[in-house]
Amino acid sequence: RSLSEVTDREYVTADHDGEVLKLYYRMHLWTRLQRLVFQKPIQSIRVICPFPSVRQRTASYDMSKEQRVLQFVQQNATRGDPDSVVAAIDKYCWEKEWAMNVGDAKGAILDGVVKETAPMTMLELGTYMGYSAVRTVRLLPQGAKFITLEFNPENAAIAKEMISFAGLQDRIIQFISDSAEAIPQLKTKFNVETFDMVFIDHFKDAYIRDIKLLETNKLLRKGTVVVADNIIRPGAPDYAEYVRTCGKYDSTFHESKLEYSNNDIDGLEKSVYRG
């Protein structure tokens, strides 16, 4: 069995609210283990990466949780309608299996920041199954460039299918790579000078490393808006302390609830780069 399959079995048997936080930390541990499993030396980074095929399998026991979410979306959402795709994912995660998307509650906060900023260039660290990419890009101005990085090729394959179903495949650039390897090459690989907005939602212990990499590689400009998820749970205390005290950002915490939970507090950190 794969690591993701082990995790799926545990999630299926959990109570929805009472066990969400414990399961979140369990998922965080498995995700870190997956990072070690998938780690490979990267000789070069290519703009176009091969995606493993996503088989359409009807037996749910033979599918990962992410594949089950994708199947639910394909069966219940409207092809080419990003709003219906987002709604279907939220419905599945509230009613069937919890998943580590930004979710509807914090997603509404993210929506507000995206509308206010109207970025023409945006970077996402952590594609997962494509939820936040679809949610965000549906609100971006036409012609905006949106790049999303994902470390896990299996997750990236699910996201590719999800994005295509939403009809946004021509507006989202997917990139499979470790962010530490990719960030220094973003300017040359994607012809980007700076980003108007960045959404960080990948490995929590990599938040502070990657915000500093974005700074040193001059990918942030005066006024760039950086939004980071899961500041409370599972938490990114080093990152939060850095953006609040380093003097480079005007930073505000937006409290909300942990994704697909009615009880557990979490939130987003919005930090505006001073330049």
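Structural remarks
- For segment 119-168, a residue qualifies if it is of a type in the set (V, I, T) and in a helix (DSSP H, G or I), and the qualifying residues are V134, T136, V137, I158, I163.
- On inspection, E116 does not qualify as of a type outside the set (K, R), assigned to a helix (DSSP H, G or I), under 15 Å from the mean Cα position of the chain (by Cα) and farther than 25 Å from S261 by Cα.
- Within segment 171-275, strands (runs of 3 or more DSSP E) holding 1 or more residues that are open to solvent by 40 Å² or more (accessible area, probe 1.4 Å): 172-176, 220-228, 249-257, 265-273
- Exactly one residue among V113, V86 is surrounded by 13 or more Cβ atoms within 10 Å (Cβ to Cβ), closer than 27 Å to E255 by Cβ, in contact with a strand residue (DSSP E or B) (Cβ under 9 Å, 6 or more places away or on another chain) and modelled with pLDDT of 95 or more, and that residue is V113.
- Test result for A118, farther than 24 Å from N191 by Cα and either in contact with a Lys or Arg (Cβ under 7 Å, 6 or more places away or on another chain) or aliphatic (A, V, I, L, M) (or both): no
- Taken as a whole, the condition of being assigned to a loop (DSSP other than H, G, I, E, B), touching a residue at least 60 places away in the same chain (Cβ under 8 Å), of a type outside the set (A, V, I, L, M) and more than 18 Å from D170 (Cβ to Cβ) applies to E97.
The values are calculated or read from the model by the stated rules, or taken from the named source; none is laboratory data. Only a predicted model underlies this, so the values are computations on that prediction, with no experimental measurement involved. Cβ sites come from the backbone with ideal geometry, for glycine too, and all protein chains shown count toward neighbours. In case anyone asks, the SASA skips ligands and DNA or RNA and just uses the protein heavy atoms, side chains included. Shrake-Rupley method; radii C 1.70, N 1.55, O 1.52, S 1.80 Å.
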